[in-house]
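Trainee: Just dropping this structure here.
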Amino acid sequence: MRRAIYPGSFDPVTNGHLDVIERARKLFDEVIVAVAHNDEKQPLFSLKERLDLLRETASKINNVRIVKFKGLLVNFAQAQKAGAVIRGLRAVSDFEFEFQMALMNRKLDAAVETIFLMPKEEYTYLSSRIVKEIARLGGDISSFVPTCVAKALNRKFTR
Ligand code: ADP
């Protein structure tokens with residue numbers, strides 16, 4: 001069983017994340033989308049909201065599982081019997097941080113390989129952060145996120 005973990009904040013899930021999940025699931029028997037429970041990051045959406053939005057969109061995809069995770073990624077990968085970590089690479093700006101993380105994770109556990117996947121070009125400028133900013137300012141985000149996410153963002157910002 002070739003199993004990969006795709007970790008992230010997913011605050012909220014965007015079409016860019018879904019593009020990466022779709023690519024990863026073709027390469028692995030199972031992809032575990034691991035939503036980080038990280039108190040430091042102060043997300044807009046609670047952990048439960050982020051899980052629910054992912055489940056509404058990505059759990060329909062065959063061989064994809066959505067779970068929450070806390071703690072060290074390599075420990076989680078071991079517990080899930082996953083040999084690979086998937087990360088998305090959008091631009092050179094992602095590279096430095098991702099490179100550092102990948103090599104550190106390798107140092108912590110040489111058995112876990114990090115694999116970078118590039119999304120469709122039209123998603124290379126997309127991030128949860130920028131989508132939240134556009135939604136907050138009342139812009140149209142319908143082409144960047146699934147419908148349920150667009151609705152959830154509108155609810156957050158029209159309160
Ligand atoms: P994190 O807080 O771990 O960066 P994110 O939810 O922002 O969590 O991102 C999770 C992963 O998805 C990261 O590897 C990030 O580079 C990738 N990613 C985010 N948006 C996109 C996108 N539009 N295209 C491809 N990869 C993306």
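Coordinate-derived values only; no laboratory data. Treat the numbers as computed from the prediction; the structure is a model and nothing was measured. A quick note on method: Cβ atoms are made from the backbone with ideal geometry, for glycine too, and the neighbour counts reach across all protein chains shown.
Trainee: Using the alpha-carbon atoms, what tilt in degrees (0 to 90, nearest 10) does helix 15-27 show relative to the longest principal axis of the chain?
Mentor: Helix 15-27 sits at roughly 30 degrees to that axis.
Trainee: Long-range amide H contacts for A36: which residues qualify at under 5 Å (H placed 1.01 Å from N, peptide plane, sequence gap of 5 or more or a different chain)?
Mentor: G8, S9, F69
Trainee: Here is a further query. Connecting C-alpha atoms closer than 10 Å in a GNM of the chain, tell me which of T14, T114, T124 has the biggest fluctuation.
Mentor: Fluctuation is largest for T124.
Trainee: If I model a spin label at F97 and A111 as a point 7 Å from the Cα along the Cα→Cβ vector, what separation in nanometres do I get?
Mentor: 2.9 nm
Trainee: Any chance you could tell me what percent of the C-alpha pair distances in segment 82-157 go past 21 Å?
Mentor: That tail contains 45 percent of the Cα-Cα pairs.
Trainee: Residues of segment 47-66 with backbone nitrogen within less than 13 Å of a virtual label 7 Å along the Cα-to-Cβ line of M1, please, listed as ranges.
Mentor: 63-65
Trainee: When N is the residue count of segment 3-124, what does its C-alpha Rg come to as a fraction of 2.2 N^0.38 Å?
Mentor: Numbers: Rg = 13.5 Å, N = 122, 2.2 N^0.38 = 13.7 Å.
My calculation over the Cα atoms of segment 3-124 gives 0.99.
Trainee: Once label points are set 7 Å from the Cα along Cα→Cβ at both S46 and D140, what is their separation, rounded to one decimal in nm?
Mentor: 3.3 nm
Trainee: While we're here: Looking at this model, which pairs from K26/K81; K26/K151; K48/K132; K70/K120 are more than 21 angstrom apart at the alpha-carbon?
Mentor: On the way: K26/K81 18 Å; K26/K151 29 Å; K48/K132 18 Å; K70/K120 29 Å.
From the list (K26/K81; K26/K151; K48/K132; K70/K120), the Cα-Cα distance tops 21 Å for K26/K151; K70/K120.
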